[in-house]
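Below: the structure, in structure tokens.
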Amino acid sequence: MNLKFLTQSAQNAARTAQKKLPMKKKADPRHKLRIKTVKKLFEQSFGKDINIDKGTEAEKISERQKEIDALIQKFAPSWPVEQISPMDLAILRLSIWELKFKEKKEPYKVVVDEAIEIAKEYGTETSGGFINGVLGAIIKTYPKLKRN
């Protein structure tokens with residue numbers, strides 16, 4: 001770590017910040033799991049007979065799909081669920097499930113950031129903004145989601 005600042009306190013603060021907030025890497029197992037889940041949900045949107053492993057996040061999301069889709073419809077009323085791109089829909093389903101239904105919740109900012117990053121990587125040019133808007137509206141409406 002080669003940090004050059006004018007004062008020792010600035011150097012110490014920079015080191016502390018780097019230790020507390022490590023850079024997110026694509027090799028992060030949580031990121032990889034999210035990608036795998038989104039891919040499985042995307043695949044499922046093309047056929048209901050897709051084999052989903054028992055106990056996986058994709059299965060848990062599928063069990064709550066009607067509730068999740070109702071939230072998407074409520075917070076993206078201009079876009080019927082059938083018209084949302086399958087990739088955007090998969091990302092939204094995962095993110096909403098993480099925010100509302102997952103037992104061990106991640107901080108809402110992490111969930112939104114991950115959703116946007118996945119959308120940038122796998123979605124269209126407008127996917128990130130669309131997903132950010134829908135998730136932002138949900139979080140604003142349900143302040144309990146901010147508790148973590």
Completion exercise
Residue hits (segment 53-75; within 19 Å of GLU114 (Cβ to Cβ) and in a loop (DSSP other than H, G, I, E, B)) are THR56, ARG64
Practice task
May I ask you to verify whether LYS120 is of a type outside the set (Val, Ile, Thr), in contact with a Ser or Thr (Cβ under 9 Å, 6 or more places away or on another chain) and more than 18 Å from ASP69 (Cα to Cα)?
Solution key: yes
Handout entry: Sole residue being at positive phi and either at pLDDT below 95 or out of contact with any helix residue (DSSP H, G or I) (no Cβ under 8 Å at 6 or more places or on another chain) (or both), chosen from GLY123, GLY55
Key = GLY55
Exercise for the section: Sort out which residues of segment 42-52 are outside any helix (DSSP H, G or I) and touching a residue at least 12 places away in the same chain (Cβ under 8 Å), and write them in order of number. Expected result: SER45, PHE46, ILE52
Exercise for the section: Considering each residue of segment 76-98, count those that are in a helix (DSSP H, G or I) and more than 20 Å from PRO29 (Cβ to Cβ), and give that number. Expected result: 10
Exercise for the section: Report yes if some residue within segment 105-121 is more than 19 Å from LEU41 (Cβ to Cβ) and among the hydroxyl-bearing types (Ser, Thr, Tyr); otherwise report no. Expected result: yes
Problem - Number of positions in segment 95-115 that are surrounded by 19 or more Cβ atoms within 10 Å (Cβ to Cβ) and without any contact (Cβ under 8 Å) to a residue 40 or more places away in the chain - result: 4
Fill in the blank from the handout: Given (1) modelled with pLDDT under 90; (2) within 16 Å of the chain's Cα centre (by Cα); (3) of a type outside the set (Phe, Trp, Tyr); (4) surrounded by 13 or more Cβ atoms within 10 Å (Cβ to Cβ), ILE50 misses just (2)
Exercise for the section: For segment 82-93, indicate whether the set of residues that are in contact with an Asp or Glu (Cβ under 7 Å, 6 or more places away or on another chain) and either surrounded by 12 or more Cβ atoms within 10 Å (Cβ to Cβ) or modelled with pLDDT under 90 (or both) is non-empty. Expected result: no
Completion exercise
Expected single match for among the hydrophobic types (A, V, I, L, M, F, W, C) and more than 19 Å from ILE61 (Cα to Cα) among ALA90, ALA119, ALA115, ALA137 is ALA137
Practice task
For GLN11, state whether it is surrounded by 14 or more Cβ atoms within 10 Å (Cβ to Cβ), modelled with pLDDT under 60 and either out of contact with any Ser or Thr (no Cβ under 6 Å at 6 or more places or on another chain) or not aromatic (Phe, Trp, Tyr) (or both).
Solution key: yes
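The values are calculated or read from the model by the stated rules, or taken from the named source; none is laboratory data. For clarity, every value in this text was computed on a predicted model and none was experimentally measured. We place every Cβ from the backbone using ideal geometry, glycine too, and count neighbours over all the protein chains shown.
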